[in-house]
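Asks: There's a structure below that I have some questions on.
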Amino acid sequence: MRKLVSAPNLALAVLWADQLRAAGIAASVQRAYASGIAGEIPPDQALPEIWVEDDAEHARAAALLDELRHPPWRHWACRNCGEQVDGPFEQCWNCGAERPRGAG
């Protein structure tokens, strides 16, 4: 078992661990409730942590987590309504049309 990363809060720790498990990587959240003793221990030691159970999966987990934390930034024009869409979005915020393949 090997530590992957500390998360800034429990919500993100659970989300990241769930995404890793969905990709077939056995992961768990440790120190989920340690924030209650922040001040008694250094604050950085009270953050929730994501741990990968199989050391051999650590590199793949780190790469997947990097993709989750840094989604691709795109700029594309909706073919349906002409709206300009920026960011990691796959649908037009205005009309809900899917991003065309190859756009952005």
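Asks: From the phi of every residue in the stretch 37-49, what ³J(HN,Hα) in whole Hz does the Karplus formula 6.51 cos²θ - 1.76 cosθ + 1.60 yield, where θ is phi - 60° and glycine or proline is x?
Replies: 10, 4, x, 7, 10, x, x, 5, 8, 9, 7, x, 10
Asks: Sort out the exposed loop chymotrypsin sites (Phe, Trp or Tyr not before Pro) in the chain (DSSP loop, at most 14 other Cβ within 10 Å) and tell me the longest stretch that has none.
Replies: 34-72
Asks: Would you calculate a helix-derived [θ] at 222 nm for the chain, using -39,500 (n - 2.57) for each DSSP H run of n ≥ 4 and dividing by the full residue count, to the nearest 500?
Replies: Result for the chain: -7500 deg cm²/dmol, rounded to the nearest 500.
Asks: Mind pulling the angle between the C-alpha long axis of helix 10-22 and the longest principal axis of the chain? Nearest 10 degrees, somewhere in 0 to 90.
Replies: Orientation of helix 10-22: about 70 degrees from the principal axis.
Asks: Hey, got the dipole for the stretch 2-69? About the Cα centre, +1 on K and R Cβ, -1 on D and E Cβ, debye to the nearest 20?
Replies: Taking the Cα centre of the stretch 2-69 as origin, the dipole is about 80 debye.
Asks: Can you tell me the 0 to 90 degree angle between the C-alpha axis of helix 58-69 and the longest principal axis of the chain, rounded to 10?
Replies: That helix lies at roughly 50 degrees to the long axis.
Asks: How about the stretch 1-37: which trypsin sites (Lys or Arg not before Pro) there are in a DSSP loop, with at most 10 other Cβ atoms within 10 Å of their Cβ?
Replies: Loop-located and lightly packed - none at all.
Asks: Turning to a different aspect of this structure: I'd like to know which of 14, 85, 68 lies farthest towards the positive end of the charge dipole of the chain, counting +1 on Cβ of Lys and Arg and -1 on Cβ of Asp and Glu.
Replies: 85
Asks: Between residue 35 and residue 60, what is the FRET efficiency for a Förster distance of 22 Å, r being their Cβ-Cβ separation, to the nearest 0.05?
Replies: 0.15
Bear in mind these aren't lab numbers, they're just calculated from the coordinates by the rules spelled out. This structure is a prediction, so every number in the text was calculated from the model and none was measured. For neighbour counting, all protein chains shown are included, and Cβ atoms are generated from backbone atoms with ideal geometry for every residue, glycine included.
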